[in-house]
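*Asks:* I'd like to ask you about the structure that follows.
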Amino acid sequence: MSSFVGPLQQFTTDLSSVEQAAIPYVQPVSTQGGALWMRQWSLLLTKGVPAGQPKQSLDLSPLNIEFTIDVPVGPRRSCVITVRNLGLDQMAGIAKEYNWVTLTAGYVSQSYKIFDGPISWFARGRESPTDTSLEIHGNEYDTEINTSAISVTLPAGSNDYDKMQACITAMNDAGSGNNIQLGYVSPSIDQSQTPRSQALFGSPRDVLRDIAQKNNASWHVADGKLNMVAQGDALNTGSAVVLNSKTGLIGTPRLTFQGGISGTCLLNGNITKHGLIQLNEQDINQQVQASSTGLPPGLAQTPEEAQMMALPAQIAWNGIYTVLSLKHRGNNRSQEWYTDFQTEAPGNIAAMVPKI
């Protein structure tokens with residue numbers, strides 16, 4: 001493991017141009033078919049500065065970086081990024097001054113900004129007598145979702161769309177500098193108007209949760225957009241990311257208890273929450289026919305295993321699935337450079353499978 005010696009490269013830049021800039025740190029990666037190769041990455045930390053001045057950023061890309069970007073069923077992304085072999089004084093200075101992290105990862109052909117948000121906290125330590133580590137924990141839109149407050153009265157004739165717009169206004173007023181806009185809203189979201197005025201008070205998160213529960217939907221904020229997606233619907237209904245052995249699929253996808261599919265592929269930022277992917281349904285069928293232990297039904301060790309083996313192969317007829325959650329994980333000095341995903345089929349196929 002290499003160590004970093006000397007002062008870190010520090011520069012002043014307008015972050016609006018960072019995502020347009022070329023990423024200088026490249027490393028070959030092999031894959032079947034040659035569809036994805038030559039890994040790229042960039043890790044920038046940013047400190048708060050007075051309004052109107054260029055933001056000051058610190059480039060940690062030359063160091064050993066390990067990351068996990070979690071995109072859960074919940075409303076926001078989180079990250080744990082480990083940077084190794086910084087000096088003790090450097091780690092102390094970073095923890096004191098920097099409050100924003102931007103991680104870009106991908107390939108020469110296409111890279112993705114997989115995390116861009118405030119730093120929640122740091123963890124400093126040693127992995128061995130000679131190797132230090134700095135963990136960066138971040139949560140996108142943390143201030144907007146967790147600390148914003150709403151206090152407004154909507155007039156008679158308002159609907160769920162008006163409530164969502166009021167929540168967006170309250171979250172933008174939280175003062176973190178993000179500008180959230182209304183993104184995709186499923187057509188099935190209730191548009192009926194209230195006969196009387198309605199007061200909204202408390203956390204916008206609670207208001208959005210109530211709207212989602214009423215419409216059998218889920219909401220999340222990503223890339224500056226508040227999306228409200230009904231179960232069985234998807235963001236990019238016109239296109240799907242095709243996953244097979246030539247485009248980075250690793251191993252065989254597996255049917256979950258809820259009727260969806262879980263699997264792993266090479267890191268792919270085109271896979272998004274509530275987006276569509278397309279898999280080879282014949283491969284999934286072969287995986288469904290056996291239990292996780294490889295035992296025949298009569299030798300199942302637990303009721304859960306017995307029920308899993310007894311489930312019919314509830315898969316999408318066209319192999320297209322909606323992504324419910326995903327996780328990007330990688331290390332720029334090892335083979336790890338993957339995206340784990342979990343899906344359900346469009347049309348609420350999960351409701352067809354008994355829940356355990």
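*Asks:* Check whether at least one residue in region 182-200 is within 30 Å of Y107 (Cα to Cα) and in contact (Cβ under 8 Å) with a residue 24 or more places away in the chain, and report yes or no.
*Replies:* Checked region 182-200: at least one residue is within 30 Å of Y107 (Cα to Cα) and in contact (Cβ under 8 Å) with a residue 24 or more places away in the chain.
*Asks:* Return yes when L326 is modelled with pLDDT of 65 or more, hydrophobic (A, V, I, L, M, F, W, C) and closer than 30 Å to N85 by Cβ and no when it is not.
*Replies:* Answer is yes for this residue.
*Asks:* Moving on to the next point. Those residues that are of a type in the set (A, V, I, L, M, F, W, C) and part of a loop (DSSP other than H, G, I, E, B), I need them from region 218-240; list them, please.
*Replies:* The answer is A234, L235, A240.
*Asks:* Let me ask something else. Go through (1) touching a Leu at 6+ places or on another chain (Cβ under 9 Å); (2) crowded, with 17+ Cβ neighbours inside 10 Å and name the single condition S197 misses.
*Replies:* Status for S197: all satisfied but (2).
*Asks:* A further question follows. Got a sec? Which of S128, S120 is exposed (fewer than 14 other Cβ atoms within 10 Å of the Cβ) and either not assigned by TED's automatic domain parsing to the domain that holds W37 or not in a helix (DSSP H, G or I) (or both)? Full working, then the answer.
*Replies:* Values: S120 fails: exposed (fewer than 14 other Cβ atoms within 10 Å of the Cβ).
Exactly one of S128, S120 is exposed (fewer than 14 other Cβ atoms within 10 Å of the Cβ) and either not assigned by TED's automatic domain parsing to the domain that holds W37 or not in a helix (DSSP H, G or I) (or both), namely S128.
*Asks:* Here's another thing I want to ask about it. Mind checking whether some residue in region 99-107 is within 15 Å of N331 (Cβ to Cβ), small (G, A, S) and assigned to a strand (DSSP E or B)? Walk me through how you get there before you give the answer.
*Replies:* Within region 99-107, the first condition is being within 15 Å of N331 (Cβ to Cβ), and the residues that meet it are 103, 105-106.
Okay, now just the ones that are also small (G, A, S), so 105-106.
Going one step further and asking which of them are assigned to a strand (DSSP E or B), we end up with 105-106.
Scanning region 99-107, I find at least one residue that is within 15 Å of N331 (Cβ to Cβ), small (G, A, S) and assigned to a strand (DSSP E or B), so the answer is yes.
*Asks:* Looking at this structure, is A217 at pLDDT below 90, buried (at least 19 other Cβ atoms within 10 Å of the Cβ) and touching a helix residue (DSSP H, G or I) at 6+ places or on another chain (Cβ under 8 Å)?
*Replies:* no
*Asks:* Turning to a different aspect of this structure: Within region 159-167, is even one residue within 30 Å of E344 (Cα to Cα), over 24 Å from the mean Cα position of the chain (by Cα) and free of Cβ contacts under 8 Å to residues at least 24 places away in the same chain? Reasoning before the result, please.
*Replies:* If we filter region 159-167 for residues that are within 30 Å of E344 (Cα to Cα), which is where we start, we get 159-165, 167.
So of that shortlist, the ones also over 24 Å from the mean Cα position of the chain (by Cα) come out as 159-163.
Subsequent filtering for residues that are free of Cβ contacts under 8 Å to residues at least 24 places away in the same chain retains 162.
Yes, that holds for at least one residue.
*Asks:* From E281, E305, grab the single residue that is surrounded by 15 or more Cβ atoms within 10 Å (Cβ to Cβ), at pLDDT below 65 and either acidic (D, E) or under 26 Å from the mean Cα position of the chain (by Cα) (or both).
*Replies:* Values: E281 fails: at pLDDT below 65.
Criteria check complete, one pass: E305.
The values are calculated or read from the model by the stated rules, or taken from the named source; none is laboratory data. What you see is a predicted model; the values in this text were computed from it and never measured. Positions of Cβ are backbone-derived with ideal geometry, glycine not excepted, and every protein chain shown enters the neighbour counts.
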